[in-house]
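Below you'll find the structure, written out as structure tokens, and then a few comments.
The values are calculated or read from the model by the stated rules, or taken from the named source; none is laboratory data. Not measured: the values here are computed from a predicted model. Note that we place each Cβ from the backbone using ideal geometry, even for glycine, and neighbour counts take in every protein chain shown. Accessible surface is based on the protein model in full, side chains and every heavy atom, while ligands, DNA and RNA are left aside. Shrake-Rupley method; radii C 1.70, N 1.55, O 1.52, S 1.80 Å.
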Amino acid sequence: MKTYYVVRHCQADGQSKNAALTQQGIAQSHALAQFFSGIHLNQIISSPYKRTIQTIEPLAHAKQLKIKIDERLSERVLSRKPMDDWYEKLKLSFTDLHITYEGGESSQEAMNRIVQALYEQIHVEENHTLFVTHGNIMSLLLKHADSNIGFNEWEKLSNPDVYVLNYINSGHIEIERIWHNI
């Protein structure tokens, strides 16, 4: 069995690539570092977004680990065009994984890239890797492991949030939410 952790970033002041953590988000990042203090990690891989890097910097510093950047952990772009009904469109994208909106990426495309990042670590025999990402892409990774996960589970994610994924040699992935808004 191999163990992986998936972390959703702490509270941020927006959705842009350069959105920073709020003061509460900074406090959450330190709580996250404390949460992982007794958990062994071999590496940290993060989305390139500012809020994900800020989320994990205290933990990386405490564990003396370098933060590796992987574009595949970037948040999914639903559409390049503003949509007043984005919430309903996002909801639909969890039932129709192939639907795309102008300039956006389908759920299936986004899922494929984050799953590829995970399986790359599995195949190189890397264990105890922590991935830092975003809510939509995180929920799609969880959906890959459990097809029952959908829009409702995305809606329930917190900032931050943490799941552990245990990869069983048979190819099965067990998931468990281990963050409980401490």
Original post:
Which semi-axes, in whole Å and largest first, does the equivalent ellipsoid of region 2-175 have when worked out from the alpha carbon gyration tensor as the square roots of 5 times its eigenvalues?
Top reply: 25, 20, 13
Subject >> Cα-based reach from Lys50 at 18 Å (exclusive), listing lysines while leaving out same-chain residues under 8 positions away >> reply: Lys17, Lys66, Lys68
Original post:
Percent of accessible area on the chain owned by carbon and sulfur, 1.4 Å probe?
Top reply: 48 percent
Original post:
Measuring from label point to label point, each 7 Å out along Cα→Cβ, what is the Glu176 to Met83 span in nm?
Top reply: 3.6 nm
**OP:** Apply the Debye scattering formula to region 1-64, with a single equal point scatterer on each alpha-carbon and no solvent, then give log10 I(q)/I(0) at q = 0.27 Å⁻¹.
**Re:** -1.21
Original post:
Between Leu65 and Asp96, what is the FRET efficiency for a Förster distance of 41 Å, r being their Cβ-Cβ separation, to the nearest 0.05?
Top reply: 0.60
**OP:** Count the DSSP beta bridges whose two residues both fall in the chain, then state the antiparallel fraction as a percent rounded to the nearest 5.
**Re:** 50 percent
Original post:
Using the heavy atoms of the protein chains alone and a 1.4 angstrom probe, what is the accessible area of region 56-165 per residue in square angstrom?
Top reply: 49 Å²
